[in-house]
Ligand SMILES: [Cu+2]
């Protein structure tokens, strides 16, 4: 092979290597495409509790609706936050939820949503401090709720100060201002249980209930409970 031919081969292989590196870094940084089912039954030993970590963000920052509020869930297999709100869970199992809440809050239209319901002991913790009700007319108000009506679960997710520099695009890193809310609940028998946020956070839509509030993979989804 001529010198020029060898150089061309080396250069070609080098470009392929660079291309692969760029592709894998981009794949790692880009959140998953919404629409899948996050399966928590594979990563959990039989009879053991399931740990779910989610984040709530003020603006998803990518996809068809980058300005919409959204939930993201941490893939237990890869550790990446993805925009999937359908979660496959085992029946009659304790679920330990950790919510990293990155959005600002406001007073609730219905103070009932400030009540923690359906969790273990009827309580949740906010940055380590236990609470059973949150008065949204104080502090930074409430940003979203996590509620599973079929299981009687409802938890207010306390907001961050609107004056803080909030995370602008998901997935958010823990260096951005956030509240950590933890609680546990139990799944019951097999079935499809809708879950959703009840704060009308669909800004710019009729009564705040359109847009992200009524679109799968943003402010609601399903617990697909299997035996
Ligand atoms: Cu919401």
(request) Go through the range 82-92 and give me each residue that's touching a strand residue (DSSP E or B) at 6+ places or on another chain (Cβ under 6 Å) and over 18 Å from residue 215 (Cβ atoms). (result) 88, 89, 91
(message) Condition check: under 18 Å from residue 186 (Cβ atoms) and more than 16 Å from the ligand (Cβ to nearest atom). Does residue 76 satisfy that?
(response) no
(message) I'd like the full set of residues that are at positive phi, at pLDDT below 95 and away from the ligand (no atom under 14 Å from the Cβ), limited to the range 190-210.
(response) none
(request) Could you tell me which numbered condition residue 136 fails, if it satisfies all but one of (1) on the phi > 0 side of the Ramachandran plot; (2) crowded, with 20+ Cβ neighbours inside 10 Å; (3) more than 17 Å from the chain's Cα centre (by Cα)? (result) (1)
(message) Would you confirm, using the coordinates I've provided, whether residue 157 is within 12 Å of the ligand (Cβ to nearest atom), assigned to a loop (DSSP other than H, G, I, E, B), in contact (Cβ under 8 Å) with a residue 40 or more places away in the chain and on the phi < 0 side of the Ramachandran plot?
(response) no
(request) Identify all residues within the range 36-73 that are more than 30 Å from residue 203 (Cβ to Cβ) and within 16 Å of the ligand (Cβ to nearest atom); write none if there are none. (result) none
(request) Would you mind finding the one in 76, 149, 107 that is within 20 Å of the chain's Cα centre (by Cα), surrounded by fewer than 16 Cβ atoms within 10 Å (Cβ to Cβ) and in contact (Cβ under 8 Å) with a residue 24 or more places away in the chain? (result) 149
(request) Residues that are under 22 Å from residue 125 (Cα atoms): find the strands (runs of 3 or more DSSP E) completely inside the range 32-110 holding 1 or more of those. (result) 50-57, 70-74, 94-101
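Residues are listed down the side, and each one gets a yes or a no for (1) free of Cβ contacts under 8 Å to residues at least 24 places away in the same chain; (2) touching a strand residue (DSSP E or B) at 6+ places or on another chain (Cβ under 7 Å); (3) within 15 Å of the ligand (Cβ to nearest atom):
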| residue | (1), (2), (3) |
| --- | --- |
| 142 | no, yes, yes |
| 180 | no, yes, no |
| 185 | no, yes, no |
| 212 | no, yes, yes |
| 217 | no, no, yes |
(request) Identify, from the list 169, 147, 164, the residue that is closer than 28 Å to residue 66 by Cβ and within 16 Å of the ligand (Cβ to nearest atom). (result) 147
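The values are calculated or read from the model by the stated rules, or taken from the named source; none is laboratory data. The structure presented is a predicted model; accordingly, all values stated were derived computationally and were not measured. Counting neighbours? That spans all protein chains shown, and the Cβs are built from the backbone with ideal geometry, glycine included.
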